[in-house]
1. Calculated from DSSP H runs of 4 or more alone, at -39500 (n - 2.57) each and per residue, what is the 222 nm mean residue ellipticity of the chain, nearest 500?
2. Label points 7 Å out from Cα along the Cβ direction at HIS67 and ASN7: separation in nm?
3. Determine ³J(HN,Hα), in whole Hz, for all residues of the range 30-43 in sequence, where each value follows from phi through the Karplus function 6.51 cos²θ - 1.76 cosθ + 1.60 and θ = phi - 60°; x replaces Gly and Pro.
4. Under the rule of at least 5 residues apart or a separate chain, name every residue whose amide H is placed under 5 Å from the amide H of ASN82.
5. Over the alpha carbons of the chain, what is the largest minus smallest coordinate on each principal axis, giving the biggest first in Å?
Amino acid sequence: MFTGYSNSKELIKTIRSKVDHSFLQYYPDVDIETVFNTEQEEFEFIYKGEWSSPEDIDEDLIKDICHSNELYCHISIDNKINKSYWYDEDDEFVYK
């Protein structure tokens, strides 16, 4: 799941297009859901696929998507967050 903040539907569509372009090159067989929380100006792009562990997803790809689009990413297995990636305001990459 990639998350970000904006109240601009046009900007969110543009970001979604960029994320899709990058992510779907590596993982074309996923289901995608977009969720908007207009009250908190938050959006989520949820990519659902068959992964057995967070290590199945290319970490460099996730880092690049997060950095290029100023997004957060949470990798969940069985509805439990296993890894998270994000940038702070100083543009330092962080993951846990």
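Computed from the coordinates by the stated procedures, all read-outs in this text should not be read as laboratory data. Fair warning: this is a prediction, and the values are worked out from it, not measured in the lab. We place every Cβ from the backbone using ideal geometry, glycine too, and count neighbours over all the protein chains shown.
1. On the way: 2 runs with 29 residues, N = 96.
Theoretical 222 nm ellipticity from helices: -10000 deg cm²/dmol.
2. Reported label-point gap for HIS67 and ASN7 is 3.2 nm.
3. 10, 8, 10, 10, 10, 10, 10, 10, 5, 5, 9, 6, 10, 9
4. Under 5 Å from the amide H of ASN82 lie the amide H atoms of ILE75, SER76, ILE77, each far enough along the sequence or on another chain.
5. Sorted largest first, the three principal extents are 34, 30, 24 Å.
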